[in-house]
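Structure first, commentary second.
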Amino acid sequence: MRLAPIVTAVAVGFETLRANPLRTILSTLGVIIGVSALVAVLSVGDGMERSVRSQIAETTDLQAIVIRARTTEEVDGQVFPVTNPARLTLADAQRIRALDGAKAVTLAMSTPGEVRDRPGITRRMALILSEVALRDSTAMPVSAGRLLTLEEAASDAPRVVLSLDLARSLSPDSNAAAMVGDSVRLGALNAEVVGVLEARPAPAVARVGGRRRPPGDYRVFAPLGFMPAALGERVPPPAIMALAGTVEQTMPLKERIERTLASGDSAWERRYTVTTNESRLEQLSRGILMFKLFMGAITGISLLVGGIGIMNVLLSSVTERTREIGIRKAAGARDRDILRQFLAESVAISAVGSGIGLALGVSGAYAITAAIRTFSEAPFLSASVSWSTVAVAAVAAVVVGLTFGTYPARRAARLSPIDAIRHE
């Protein structure tokens, strides 16, 4: 395909638009409204989807996949303990972390246990956790000291990190920071306190009748090898929790994990369980799809109105320029030259309207989200303008121009040169 005729047709199309400014404004007005509505809805929708996904990742476990080693098996309706159960290791967690779609992987185990201060007087029941977190960043800020390093967390080093409430309860003067460098007794062994976590955000607790207080945060983070040595047989086997990057990546990541387990053990289904919230995932994915289809239908109507406006203006233009068309065809212009000319004008109208509509749509999207934040008290909501939205606006301009400019262009191309020249 030669580019010279197309470039010439587009140049002539813009010249025609410049020669009839009122007609150009009227013809582009529908496209401006349609594209601005399209961009605004897509930007607000993308921002809402991003905010919802962020809230889901922070407050739910929809993107979590849990891998556990089976400790029991069912035979003829009876449950028996597994004689030689599998044990998940740090190497298994690292293999899963390397899979495509895995955002974070944690090898962890937890059990309630008793913690004592150094003199052995103060006792406190706490949740004892051991975890090796393979992620890009940590979500546990410390108020004093430091967290366990990756090497310490995977070893049997006698070092622990305490929650703020637990450190205060074990400290003689309720000074949590003073516990750093001191030691506590965890089960049968002593361990050095290397850090104290910051306080957890207090949950919203409704008051019904009397005053209610949220329970305290009593946790101990111990190395993966130290916890069994200190607590003995009461420690459950470790499990792996993998977090997918997005909701849509959860099920594909589960399939990759199952293939990884199968590659190392042909009887993996009898030795491991891989669980997700599949039903809730399907509900969420279906809801997001319905939301996008609904928005697409609304913006499709607005673009349809803009396209009809372009077709009406071009039909009027064909009627007004019938004599011009006849002269051009008598001078040697072919049907496809006339067709190309009017299609170029239609695309030019759409392009101008799309550019203006894009700017108005982006501005409108940020104004809409600002109003929503003000009236709904949702500070996490914001518009999101992606390259895909810009691409959709550009493609919409070409599609609308070609679709609604085809009939006027074909009508102009089919005019008889003699009848067109004689037209008054």
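Order of T389, T72 from fewest to most other C-beta atoms within 10 Å?
T72, T389
Arrange the following residues from fewest to most other Cβ atoms within 10 Å of their Cβ: V347, V52.
V52, V347
Can you sort S110, S376 so the residue with the fewest Cβ neighbours within 10 Å comes first?
In order of increasing Cβ crowding within 10 Å: S376, S110.
I need the peptides 170-182, 397-409, 25-37 ranked by packing, meaning the mean over residues of other C-beta atoms within 10 angstrom, with the highest value on top.
25-37, 397-409, 170-182
What order, most packed first, do the peptides 140-148, 305-313 have when packing is the mean number of other Cβ atoms within 10 Å of each residue?
Highest to lowest by the protection proxy: 305-313, 140-148.
Rule-based calculations on the coordinates, nothing more; no lab input. Since the model is a prediction, treat every value here as computed from it, not as a measurement. Quick reminder, even Gly has a Cβ in these numbers, built from the backbone with ideal geometry, and neighbours come from all protein chains shown.
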